[in-house]
Amino acid sequence: MKIIIINGPNLNLLGKREPEIYGYQTFEDYFSVLENKYPSIELDYFQSNIEGELISKIQEVGFTYDGILLNAAAYTHTSIGIGDAVKAISTPVIEVHISNTFSRETFRHQSFISANAKGVIIGFGLNSYDLALQSFL
């Protein structure tokens with residue numbers, strides 16, 4: 001099974017950025033934990049702060065991978081283009097969020113991805129990625 005995690009803007013700052021919301025662990029360290037926990041899954045990881053790069057990566061892997069875990073971060077609430085890219089591909093997508101977006105600012109309550117995702121996992125910290133991976137097993 002081949003699954004990619006695609007993270008959007010500012011998630012490269014995990015471990016430093018707003019640790020009261022996102023915690024103190026870097027994503028790279030957490031990714032290693034996932035690789036060790038799921039040795040039978042071929043896991044890839046991509047992060048970009050640039051909307052077009054995220055869309056290009058979704059299109060690149062969206063017909064060949066078994067699953068995508070997508071945390072588009074702030075683009076979740078603003079990017080029709082990312083939502084359209086998810087709709088256009090055949091690979092199932094799980095929308096993932098570290099924080100509970102519904103307990104935050106009102107603008108974070110809308111997602112342009114959810115309607116085209118296989119499912120949504122919100123608010124379990126970095127464990128949201130683990131839960132999303134389990135949905136493919």
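The values are calculated or read from the model by the stated rules, or taken from the named source; none is laboratory data. Please read all numbers here as calculations on a predicted model, not as lab measurements. So basically every Cβ, Gly included, is an ideal-geometry build from the backbone, and we count neighbours across all protein chains shown. The accessibility values were calculated without ligands, DNA or RNA, using every heavy atom of the protein model including side chains. Shrake-Rupley method; radii C 1.70, N 1.55, O 1.52, S 1.80 Å.
Details
- In region 120-137, the residues that are over 20 Å from V86 (Cα atoms) and touching a residue at least 60 places away in the same chain (Cβ under 8 Å) reach residues that are open to solvent by 40 Å² or more (accessible area, probe 1.4 Å) and part of a helix (DSSP H, G or I) with C-beta atoms within less than 8 angstrom, at least six apart or across chains, in these pairs: D130/K37.
- Test: residue in region 91-103 that is of a type in the set (G, A, S) and within 21 Å of G23 (Cβ to Cβ): yes
- Any hit, region 14-24, residues being of a type outside the set (K, R) and touching a helix residue (DSSP H, G or I) at 6+ places or on another chain (Cβ under 6 Å): yes
- The lone exception for Y75 - which of (1) outside any helix (DSSP H, G or I); (2) buried (at least 19 other Cβ atoms within 10 Å of the Cβ) it fails: (1)
- Filtered residue count, region 85-119, keeping only those that are surrounded by fewer than 21 Cβ atoms within 10 Å (Cβ to Cβ), of a type outside the set (S, T, Y), under 16 Å from the mean Cα position of the chain (by Cα) and assigned to a helix (DSSP H, G or I): 4
- Of all residues in region 63-81, those that are over 14 Å from S111 (Cβ atoms) have Cβ atoms under 6 Å from Cβ atoms of residues that are open to solvent by 50 Å² or more (accessible area, probe 1.4 Å) and polar (S, T, N, Q), 6 or more apart or on another chain, in F63/S90.
- Taken over region 76-105, the criterion of being among the basic types (K, R), modelled with pLDDT of 90 or more and out of contact with any helix residue (DSSP H, G or I) (no Cβ under 6 Å at 6 or more places or on another chain) is satisfied by no residue.
- Pairs meeting the criteria (first residue in region 34-52 and within 22 Å of G125 (Cβ to Cβ) and touching a residue at least 60 places away in the same chain (Cβ under 8 Å), second residue open to solvent by 60 Å² or more (accessible area, probe 1.4 Å) and assigned to a loop (DSSP other than H, G, I, E, B), beta carbons under 6 Å, at least 6 apart or on different chains) are I41/M1.
- Selected residue (criterion: nearest to I6 (Cα to Cα)) from residues of region 41-75 that are of a type in the set (S, T, Y) and modelled with pLDDT of 95 or more: Y45
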